Amino acid sequence: MTRAVLSIGSNLGDRLANLRLVTARLGTRLRASSGVFETAPWGVTDQPAFLNAVLITEDETASARDWLEFGRECEAEAQRVRQRRWGPRSLDVDVITVDEQRSADPELTLPHPRAQLRGFVLLPWLAADPEANLPGHGPVAELADALAETERSGVLARADLELP
């Protein structure tokens, strides 16, 4: 059994539908979900705001590589085009953790690099699992509390939007 934490985001097209595509494809493997958060773009700031969420998933047979492939399949279904690093995208699915696994593989680094610094990952993750722990970094609640105010202020819960 693997437990994976996936961070999903979209800032092009029907952003909410793009996030819902992932939850629909997960089906019964979805164990918990944050609410939907609207977040300021990070890195490249001259683009629309994102909708983000964090999903907690479980699968009896999936490997870390399987979760990566799942994310890529969802991105392809949402017609993601990779043009610019941190640029606009219809869907982004990042594998944040898979169990307590560690990997330095450039294609699948676990835990996801810099997750401990990103409000758009930590705040939704905390909403989905208040007891969460980021391997090698500590409790997500403590990491979220330590975020700079500028990182926290760009992450707003959207109570008017829901994932299934």
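Of note:
- Scanning the stretch 46-56 turns up at least one residue that is touching an Asp or Glu at 6+ places or on another chain (Cβ under 8 Å) and either among the small types (G, A, S) or open to solvent by 60 Å² or more (accessible area, probe 1.4 Å) (or both).
- L156 modelled with pLDDT of 95 or more and assigned to a strand (DSSP E or B): yes
- Residues that are within 17 Å of T57 (Cβ to Cβ) number at least 3 in the following strands (runs of 3 or more DSSP E) confined to the stretch 74-115: 92-98.
- Counted residues, the stretch 95-106 - those being surrounded by fewer than 19 Cβ atoms within 10 Å (Cβ to Cβ), at negative phi and in contact (Cβ under 8 Å) with a residue 40 or more places away in the chain: 0
- Positions within the stretch 36-45 being open to solvent by 40 Å² or more (accessible area, probe 1.4 Å) and in contact with a strand residue (DSSP E or B) (Cβ under 6 Å, 6 or more places away or on another chain), in sequence order: E38
- Count of residues meeting criterion [hydrophobic (A, V, I, L, M, F, W, C) and surrounded by 16 or more Cβ atoms within 10 Å (Cβ to Cβ)] in the stretch 17-27: 4
- Scanning the stretch 60-93 for residues that are within 17 Å of R31 (Cα to Cα), in contact with a strand residue (DSSP E or B) (Cβ under 6 Å, 6 or more places away or on another chain) and not aliphatic (A, V, I, L, M) yields W67, G71.
- Only one of the numbered conditions (1) touching a helix residue (DSSP H, G or I) at 6+ places or on another chain (Cβ under 7 Å); (2) of a type in the set (V, I, T); (3) more than 19 Å from A157 (Cα to Cα) is not met by I8, and that is (3).
- Once the stretch 107-164 is narrowed to residues that are among the small types (G, A, S) and open to solvent by less than 50 Å² (accessible area, probe 1.4 Å), the residue that is nearest to T2 (Cα to Cα) is A132.
- Only one entry in R65, R85 is over 20 Å from T39 (Cβ atoms) and open to solvent by 70 Å² or more (accessible area, probe 1.4 Å), namely R65.
- All conditions but one from (1) within 16 Å of the chain's Cα centre (by Cα); (2) within 25 Å of R152 (Cα to Cα); (3) surrounded by fewer than 18 Cβ atoms within 10 Å (Cβ to Cβ) apply to E73; the one that does not is (2).
- Lone unmet requirement of (1) touching a residue at least 40 places away in the same chain (Cβ under 8 Å); (2) in contact with a Ser or Thr (Cβ under 8 Å, 6 or more places away or on another chain); (3) more than 26 Å from G13 (Cα to Cα) for R65: (2)
The values are calculated or read from the model by the stated rules, or taken from the named source; none is laboratory data. Remember, predicted model here, so these are calculated numbers, not experimental data. Note that we place each Cβ from the backbone using ideal geometry, even for glycine, and neighbour counts take in every protein chain shown. Keep in mind that these areas ignore ligands, DNA and RNA; they rest on the heavy atoms of the full protein, side chains included. Shrake-Rupley method; radii C 1.70, N 1.55, O 1.52, S 1.80 Å.
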